[in-house]
Amino acid sequence: MGIDTVRAGAADEAADRRREQRGWYFYDWACSVYSTSVLTVFLGPYLTSVAKHAADADGYVHPLGIPVRAGSFFAYSVSLSVIVAVLVMPVVGAAADRGGRKKPLLAAAAYTGAAATTGMFFLGGDRYLLGGVLLVVANAAQAVGTMLYNSYLPQIAPPEERDAVSSKGWAFGYAAGALVLVANLVLYTGHDSFGLSESAAVRICLASAGLWWGAFALIPLRRLRDRSSPAKQSTAPGPRQLTATVRDMRRHPLTLAFLLAYLIYNDGIQTVISQASVYGSEELGLGQSTLITAVLLVQVLAVAGALALGRLARAYGAKRTILGSLVAWAVVLGAGFFLPAGAPGWFFVLAAGIGLVLGGSQALSRSLFSHLVPPGKEAEYFSAYEMSDRGMSWLGPLLFGITYQLTGSYRDAIISLVAFFVMGFVLLARVPVRRAISDAGNPVPERI
């Protein structure tokens, strides 16, 4: 075989890899709109209003005969969706690795979630129970789909490309979220001029996220390839798969050490995301339009932040860059403690700081973890990663709530979250990532 033939083969392989990577980016583009427009902005207030409309004189609804305060229904539905996702993800992940056919499972998760989200158009009147069911299905499907999507990363990008590829995926997602949120806000704020009621505008915004998800999911499903698994897989059926996955991970204690660090600092990240609007409205006295604009600002700047931190990782390594982002998170929270009330400009500065570190810290955590996964266990291990991302982020809200209950100050509550970034920094700094990568059976990149 001549040198030219070898070079041509390598060039074709690189071109195929780039094409698959571009397809992979589009799953983030497809499903991130659900997180932004549905979960972060519209569904919580709207489903709560539907539940209150259906409530009895004491303010309770009764799903399956259980008395639930209407104002708590959305939160309980989100919690139930997390429980469902935690039970389903290890089973689906092991099945994907064992059969080597992730794409049909990704398609099932994507279109289940997209269909449930599109169905939110019908949440009129007092159909709160329909809203809760659709939320549980959509949220669990998104978690399963994201787990499968993440598990492709070690297969479509060699070690030296993963930080950049992961960062671009996050950037695509934030860009789509910002684009659709702008369109949604135009429709929502100008609903009268479009001849729509406020309720109809919200339902169109919700359904549009599902249509977007389903339409753009076609691109990764056409371009991603299934691969046979090189590793012998566990055959534990049903819910026992979660125990089997944890047992297998105990054979890789350094991978578990990284997951523990990630669980802690990501808990802090998720709590800041979920509680920042509460801090803005209750402590700083800011209006809904200001808060929505801040969400949009976070989305836009997260694109730049993900790409910028990806470039820093190429120069300094993913671990150092993540550690630097955790310091930045702590600084942002410290600054948030001193924000003056009734000053939206300073709140926008805080949102800008969150946006710049948000995408990069999440993208690089994903790419670093991909090096720590044993070959052939990608989906199974990423199910544990996704559970750390979604299923375990409850300590932060608990600390936030307890701090506020004891002090009566949201400022004290927001500054208490610095503890998660300090602890996460210390735990991550102690993980010898080169040895962890080697112990997992993967090649060690030159810079990590």
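The values are calculated or read from the model by the stated rules, or taken from the named source; none is laboratory data. Predicted model, so just to flag it, every value in this text is computed and none were measured. We place every Cβ from the backbone using ideal geometry, glycine too, and count neighbours over all the protein chains shown. Heavy atoms of the whole protein, side chains included, go into the accessibility calculation; ligands, DNA and RNA do not. Shrake-Rupley method; radii C 1.70, N 1.55, O 1.52, S 1.80 Å.
What the table below lists for this structure:
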item: Ratio of Rg to Rh over the chain (Cα coordinates, Kirkwood Rh, two decimals); result: 0.97
item: The stretch 13-91, relative contact order in percent, only Cα pairs under 8 angstrom and at least six apart counted; result: 17
item: Inter-label distance for residue 197 and residue 398, nm, one decimal - labels placed 7 Å from Cα along Cα-to-Cβ; result: 4.2
item: Calculated FRET value between residue 315 and residue 115, using beta carbons and R₀ = 51 Å, to 0.05; result: 0.70
item: Full-stretch length increase - residue 14, residue 409 - with 0.36 nm per residue and alpha-carbon distance subtracted; result: 136.7 nm
item: Inter-label distance for residue 346 and residue 58, nm, one decimal - labels placed 7 Å from Cα along Cα-to-Cβ; result: 4.4
item: Gyration tensor verdict on the stretch 15-92 (Cα atoms; rounded if a/c is under 1.5, prolate if a/b is larger than b/c, oblate otherwise); result: oblate
item: Shape call, the stretch 101-211: gyration tensor on alpha carbons, a/c limit 1.5; result: oblate
item: Global geometry of the stretch 11-147, whether rounded, prolate or oblate, following the gyration tensor of its Cα atoms and the 1.5 cut on a/c; result: prolate
item: Cα centroid of the stretch 83-123 to Cα centroid of the stretch 251-273, whole Å; result: 23
item: Mean Cα-pair separation over length for the chain, i.e. relative contact order, pairs under 8 Å, 6 or more apart, %; result: 24
item: FRET efficiency estimate (nearest 0.05) - Cβ-Cβ, residue 75 to residue 338, R0 35 angstrom; result: 0.75
item: Neighbour-limited loop hits for trypsin sites (Lys or Arg not before Pro), the stretch 355-448 (at most 11 other Cβ within 10 Å; DSSP other than H, G, I, E, B); result: 430
item: Accessible surface, the stretch 301-448, averaged per residue in Å² (probe 1.4 Å); result: 40
